[in-house]
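Step one of this worksheet: look at the structure below.
The values are calculated or read from the model by the stated rules, or taken from the named source; none is laboratory data. Remember, it's a predicted structure, so these values are computed and weren't measured experimentally. Cβ: placed from backbone, ideal geometry, glycine included. Neighbour counts: every protein chain shown. SASA here: full protein model, heavy atoms, side chains in, ligands and nucleic acids out. Shrake-Rupley method; radii C 1.70, N 1.55, O 1.52, S 1.80 Å.
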Amino acid sequence: MTLDDLRASRNAVITRAEAAAALGVDPRTITASIDNGSIPSVKLGRRVVIPREKFLALFADTTPNGS
């Protein structure tokens, strides 16, 4: 799973494992980031999922062209 795979996905949410795989980090890093508010999340029953669009927005290129 990569960020490009997530961009191409039609799913509304992703799991912590998918986010970790896309970033190449341990899933516990994603959990810690959710806990400290760095990564947005939604609790659905006992599951915690990440809204895909909000997650991808964290990694959007906001630099002006030509810089």
| request: Work out which trypsin sites (Lys or Arg not before Pro) in the chain are exposed loop sites (DSSP not H, G, I, E or B, at most 13 other Cβ within 10 Å) and give the longest gap free of them. | output: 11-45
| Residue-wise HN-Hα coupling along segment 18-35, computed from phi with Karplus coefficients 6.51, -1.76, 1.60 (Hz; x: Gly, Pro) | 5, 4, 5, 5, 5, 9, x, 10, 6, x, 5, 5, 5, 4, 4, 5, 5, 4
| To the nearest 10 square angstrom, how much accessible area does Asp35 have with a 1.4 angstrom probe? | 120
| request: Enumerate the amide H contacts of Val13 below 5 Å, restricted to partners 5 or more residues apart or on another chain; note that Pro and chain-start residues carry no placed amide H. | output: Arg52
| query | Around Val48, which amide H atoms from residues at least 5 apart in sequence, or from another chain, sit under 5 Å from its own amide H, with H modelled in the peptide plane? | reply | none
| request: Could you please state how large a percent of the accessible area of the chain is carbon and sulfur, counting protein chains only and using a 1.4 Å probe? | output: 50
| How large is the Kirkwood hydrodynamic radius of segment 9-51, in angstrom, based on all distinct alpha carbon pairs? | 10.4
| task | Mind giving me the nanometre distance, one decimal, between the label points for Leu56 and Asp26, set 7 Å out from Cα along Cα→Cβ? | result | 2.9
